[in-house]
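A.B. asks: Just dropping this structure here.
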Amino acid sequence: PDSKVKDIVYHGSSEKIEQFEIRKEPLIHFGTKNAALHRGSILNQVLLNIEDLQTIKDGMWFLGTDEGGLLKELLDRNILTIEEIRSINSVRNEAIQNSNSDHYGARRSEGEIAGGKKLQEILKNKNIGFEYVNFSEDKGSTSHAVPSQEQIHILGSKQDIEGFKEFIQGKQSFDKELAQK
């Protein structure tokens, strides 16, 4: 109820998602139906819990944790500290150094994923989320991104259906109790 984002938003994929997770990017993004369909033919409908909504430039996280200005932007806004940025870069660099790949691009990708997971870990408890004008898919629409799967409520998920059943049972019990009075 305290979320700054009240609308249903969408994430496109090739399959129905039961739980979101960080894979390549440090944030999980959502947009309009049209934007989501550019990412996959299956629409995953969600509600987001974002109490601290920050506006950022489109694509800041697509470029990785050390490019595109995301970390600097978060530092300038006092969302991250210099120590947190150092820890993100340390994890990123360690993953690159410890990679078994001979290809620099693959090592760098592993580093970006590790840095993204560290950023997600740091942002996880801040109930922060981001909005941006989406110039990539549904040009000019507003999209959102969150660092934590706990901020995502998947509509129609098993959890959602069980919660609705519990709500109905509770309502029926309440109605019976009210009728007896």
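A.B. asks: Quick one: how many residues across the stretch 96-110 are part of a helix (DSSP H, G or I) and either closer than 15 Å to LEU70 by Cβ or open to solvent by 70 Å² or more (accessible area, probe 1.4 Å) (or both)?
C.D. replies: Result for the stretch 96-110: 4.
A.B. asks: Just to be sure before I move on: is ASN93 open to solvent by 30 Å² or more (accessible area, probe 1.4 Å), in a helix (DSSP H, G or I) and in contact with a Gly (Cβ under 8 Å, 6 or more places away or on another chain) in the structure I sent? Show your work before the answer.
C.D. replies: Details: open to solvent by 30 Å² or more (accessible area, probe 1.4 Å): yes; in a helix (DSSP H, G or I): yes; in contact with a Gly (Cβ under 8 Å, 6 or more places away or on another chain): yes.
So ASN93 passes the test.
A.B. asks: A follow-up question, please. Taking the stretch 80-123 as the search range and keeping residues that are β-branched (Val, Ile, Thr) and modelled with pLDDT of 90 or more, which one is nearest to GLN151 (Cα to Cα)?
C.D. replies: Restricting attention to the stretch 80-123, the residues satisfying the condition of being β-branched (Val, Ile, Thr) are 81-82, 85, 88, 91, 96, 113, 122.
Of the ones still in play, those that are also modelled with pLDDT of 90 or more are 81-82, 85, 88, 91, 96, 122.
Numbers: THR81: 22, ILE82: 25, ILE85: 22, ILE88: 21, VAL91: 24, ILE96: 29, ILE122: 14 Å.
Looking at residues that are β-branched (Val, Ile, Thr) and modelled with pLDDT of 90 or more, I get ILE122.
A.B. asks: Which residue is modelled with the lowest pLDDT, if the candidates are limited to the stretch 124-148 and must be loosely packed, with under 15 Cβ neighbours inside 10 Å and in a helix (DSSP H, G or I)?
C.D. replies: Looking at residues that are loosely packed, with under 15 Cβ neighbours inside 10 Å and in a helix (DSSP H, G or I), I get ASN125.
A.B. asks: Considering only residues that are open to solvent by less than 80 Å² (accessible area, probe 1.4 Å), of a type outside the set (Gly, Ala, Ser) and more than 25 Å from GLU73 (Cβ to Cβ), which ones fall in the stretch 1-33? Quick ask: steps written out before the conclusion?
C.D. replies: First, the residues of the stretch 1-33 that are open to solvent by less than 80 Å² (accessible area, probe 1.4 Å): 3, 5, 8-13, 17, 20, 22, 25-32.
Imposing the further condition that a residue be of a type outside the set (Gly, Ala, Ser) reduces the set to 5, 8-11, 17, 20, 22, 25-30, 32.
Within the stretch 1-33, ILE8, TYR10, ILE17 qualify.
The values are calculated or read from the model by the stated rules, or taken from the named source; none is laboratory data. Remember, predicted model here, so these are calculated numbers, not experimental data. Don't worry about glycine lacking a Cβ; one is built from the backbone with ideal geometry, like all the others, and counts go over all protein chains shown. The accessibility values were calculated without ligands, DNA or RNA, using every heavy atom of the protein model including side chains. Shrake-Rupley method; radii C 1.70, N 1.55, O 1.52, S 1.80 Å.
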